[in-house]
Amino acid sequence: MKIVEKLKEKKLSVSFEFFPPKNEQAQQQLFNTIKDLSPLNPTFVSITYGAGGSTRDKTREVVKRLHEETDLTVMAHLTCIAHTQEEILDILGDYQKIGVQNILALRGDLPLNRREEILKGCKHADGLVRLIRERFGDYFCIAVASYPEKHPESPNLERDILNFKKKVKAGADFSITQMFFDNSYYYRFLERVRKEGIDIPILAGIMPITNFSQISKFSQMCGATIPEKIVKKFENYTDDSEETKKIGIEVATKQCIDLIESGVDGLHFYTLNKSDATSIIYNNIKSYF
Ligand code: FAD
């Protein structure tokens, strides 16, 4: 089923993101995590894609398995930067053949010094959205990424929002944001986006901080600010301690409650293929569903 149709039926959506496993053991962990999180009745689950095309088969394999062996609605991430148009159409055609209807259309990130060498297909995600609509009509529900604190390559938020608008005009049905830790960025972004006439659902990307060094490295790479008052909470604890996890869960629970009470369309959890933090946070907010 198309996610956009499910979103219309839900007052508040919850969804989970996973990455394709690298080996048998990681595969087992992923499927255990999915089994743990399935009873939370997510609107959808999504599987990431390696921008260099490295996870092409793995992403497809996990998407296919979840689509065929579970009741979950699955969304496949797809990046365009390193694929020719023919390769992209092949991948999409395969998904259509097995009945997968949801795609997160992305440009992808590649090392700056290799970008021109690798760039084969669409330069930006709006081109990928256009290609999908041109070749597959309304078959796919298409999601795109958005950035409450602007994309790192963008000179400013206004320009980034105009580029986001291009993806929506090309045919995107809904969006998922980059992770953020300070809701005021999301609220400001939403206000500006709505003023621009963009009215698709925008799900908030939530990254529970369960290992401070790891998440602060991710957040620096993608330009997401961790407010000083949150940083301070983790100061006296080692990265992988139970205390760190407990604080991370508290912080994310508070963030989610504030978003829900402000009327967010949905919460999309970056799970890192683990279920415990996401399950506890969901349990803390389940009265809202
Ligand atoms: P775009 O929308 O193309 O934007 C990239 C930059 O170009 C922005 O600065 C934008 O302002 C600018 N821009 C956009 N369109 C135009 C245009 N027409 N003309 C000029 N400038 C333009 N990466 C992966 O490799 N695999 C994944 O599975 C993955 N999943 C993700 C899931 C989510 C929810 C999010 C938020 C990100 C994900 N990413 C993933 C990361 C993503 O690939 C990077 O953030 C990438 O740098 C940008 O992708 P995009 O689709 O937003 O690109």
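The values are calculated or read from the model by the stated rules, or taken from the named source; none is laboratory data. Note that the structure is predicted; figures quoted are calculated from it, not measured. Every residue, glycine among them, receives a Cβ derived from its backbone with ideal geometry; neighbour counts consider all protein chains shown. The area values use the complete protein model at the heavy-atom level, side chains included, leaving out ligands, DNA and RNA. Shrake-Rupley method; radii C 1.70, N 1.55, O 1.52, S 1.80 Å.
A few remarks follow.
- Taking the stretch 145-171 as the range and being more than 10 Å from the ligand (Cβ to nearest atom) and closer than 16 Å to Cys80 by Cβ as the test, only Gly171 passes.
- Residue count for the stretch 15-35 under the criterion of being among the charged types (D, E, K, R) and under 17 Å from the mean Cα position of the chain (by Cα): the result is 1.
- Hits in the stretch 259-280 - residues which are among the charged types (D, E, K, R) and over 20 Å from the mean Cα position of the chain (by Cα): Glu261
- Failed condition for Ser184, given (1) under 29 Å from Lys254 (Cα atoms); (2) buried (at least 23 other Cβ atoms within 10 Å of the Cβ): (2)
- Flag if Phe140 is buried (at least 18 other Cβ atoms within 10 Å of the Cβ), more than 19 Å from Leu12 (Cα to Cα) and more than 12 Å from the ligand (Cβ to nearest atom): yes
- Identity of the residue in the stretch 198-214, under 24 Å from Ala143 (Cα atoms) and more than 15 Å from the chain's Cα centre (by Cα), that ends up surrounded by the fewest Cβ atoms within 10 Å (Cβ to Cβ): Asp199
- Meets criteria (more than 13 Å from the ligand (Cβ to nearest atom), within 18 Å of the chain's Cα centre (by Cα) and under 27 Å from Cys122 (Cβ atoms)) for Leu66: yes
- For the stretch 89-104, the set of residues classified as touching a Leu at 6+ places or on another chain (Cβ under 9 Å) and assigned to a helix (DSSP H, G or I) consists of Leu89, Ile91, Leu92, Tyr95, listed by residue number.
- Count - residues of the stretch 36-52 that are under 17 Å from the mean Cα position of the chain (by Cα), part of a loop (DSSP other than H, G, I, E, B) and either under 13 Å from Ser275 (Cα atoms) or more than 8 Å from the ligand (Cβ to nearest atom) (or both): 2
- Count - residues of the stretch 232-253 that are in a helix (DSSP H, G or I), without any contact (Cβ under 8 Å) to a residue 40 or more places away in the chain and surrounded by 14 or more Cβ atoms within 10 Å (Cβ to Cβ): 8
- Any chance Lys8 is closer than 27 Å to Leu131 by Cβ and either assigned to a loop (DSSP other than H, G, I, E, B) or more than 16 Å from the ligand (Cβ to nearest atom) (or both): yes
- Scanning the stretch 101-126 for residues that are buried (at least 19 other Cβ atoms within 10 Å of the Cβ), within 15 Å of the ligand (Cβ to nearest atom) and at pLDDT 90 or above returns Asn102, Ile103, Leu104, Ala105, Leu106, Arg107, Gly108, Ala125, Asp126.
- Those residues of the stretch 59-100 which are within 24 Å of Gln178 (Cα to Cα) and open to solvent by 50 Å² or more (accessible area, probe 1.4 Å), in sequence order: Arg60
- Just so you know, in the stretch 18-35 the residues that are more than 16 Å from Thr70 (Cα to Cα) and within 12 Å of the ligand (Cβ to nearest atom) include one that is least open to solvent (accessible area, probe 1.4 Å), and it is Pro20.
- Check on Val45, open to solvent by less than 10 Å² (accessible area, probe 1.4 Å) and closer than 18 Å to Thr177 by Cα: yes
- Conditions (1) in contact (Cβ under 8 Å) with a residue 24 or more places away in the chain; (2) more than 24 Å from Thr43 (Cα to Cα): number failed by Ala172: (2)
- Test: Thr55 is within 16 Å of the ligand (Cβ to nearest atom), over 26 Å from Ser154 (Cα atoms) and touching a Lys or Arg at 6+ places or on another chain (Cβ under 7 Å): no
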